[in-house]
Amino acid sequence: MPREIISLQVGQCGNQVGSEFWRTLCTEHGIRKDGVLEDYASQGGDRKDVFFYQADDDHYVPRALLLDLEPRVINSIQNGDLRHLFNSENMFISKDGGGAGNNWASGYTQGEAVQETLLDMIGG
């Protein structure tokens, strides 16, 4: 049985689907959008620690990395109703910020330039 699951949300689609995934998990586990546990969810044996870690201030943070070469979707997460849920250190937006523009070769080249940073985040 797995102890911890880390979600890698990559690109526009990955981050949009990932946001909905975390909304659903928060609802299922009684965690508010700011990571605080609802009173009714403090009892019970569900394994919140599989998908979340509990921060020093007792709020729950998703075990997730949000990665994108283009800032739009991650910026919308950072400014949306889940802005207090994710750890900002677990987000990567390319400094160039232009994205791949549906061009595989461009995405490959940009990804190659930041691969060490991304691998450090994943292995960190």
Going by average Cβ neighbours within 10 Å, how do the peptides 5-15, 88-98 rank, with the highest at the top? 5-15, 88-98
Carbon plus sulfur fraction of accessible area for segment 40-116, probe 1.4 Å, in percent: 46 percent
Given a 1.4 angstrom probe, what's the average accessible area per residue across the chain, in square angstrom? 63 Å²
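FRET efficiency for H84 and E116, Cβ-Cβ distance as r, R0 = 41 Å, nearest 0.05? Write out the running numbers ahead of the final one.
On the way: r = 30 Å, r/R0 = 0.72.
Computed FRET efficiency for H84 and E116: 0.85.
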The chain: most fluctuating residue of G99, G45, G35 per GNM, C-alpha cutoff 10 Å: G45
For L8, enumerate residues with amide H under 5 Å from its amide H, sequence gap 5+ or separate chain, H modeled in the peptide plane. L65
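Report the FRET efficiency, 1/(1 + (r/R0)^6), for A105 and L8, where r is their Cβ-Cβ distance and R0 is 22 Å, rounded to 0.05. Kindly include the intermediate steps, with their values, before the conclusion.
Numbers: r = 22 Å, r/R0 = 1.02.
So, using R0 = 22 Å, E works out to roughly 0.45.
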From phi via Karplus (6.51, -1.76, 1.60), per-residue ³J(HN,Hα) for segment 69-75 in Hz, x at Gly/Pro: 7, 10, x, 4, 6, 5, 4
From Cα coordinates alone, what are the radius of gyration and Dmax values for segment 20-97 in angstrom? 13.4, 46
Computed FRET efficiency, Cβ-Cβ of K95 and Y53, R0 35 Å: what is it to the nearest 0.05? 0.80
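The values are calculated or read from the model by the stated rules, or taken from the named source; none is laboratory data. In this text the structure is predicted, and so the values were computed from the model without any measurement. Please note: Cβ atoms are built from the backbone with ideal geometry, for glycine as well, and neighbour counts cover all protein chains shown. In case anyone asks, the SASA skips ligands and DNA or RNA and just uses the protein heavy atoms, side chains included. Shrake-Rupley method; radii C 1.70, N 1.55, O 1.52, S 1.80 Å.
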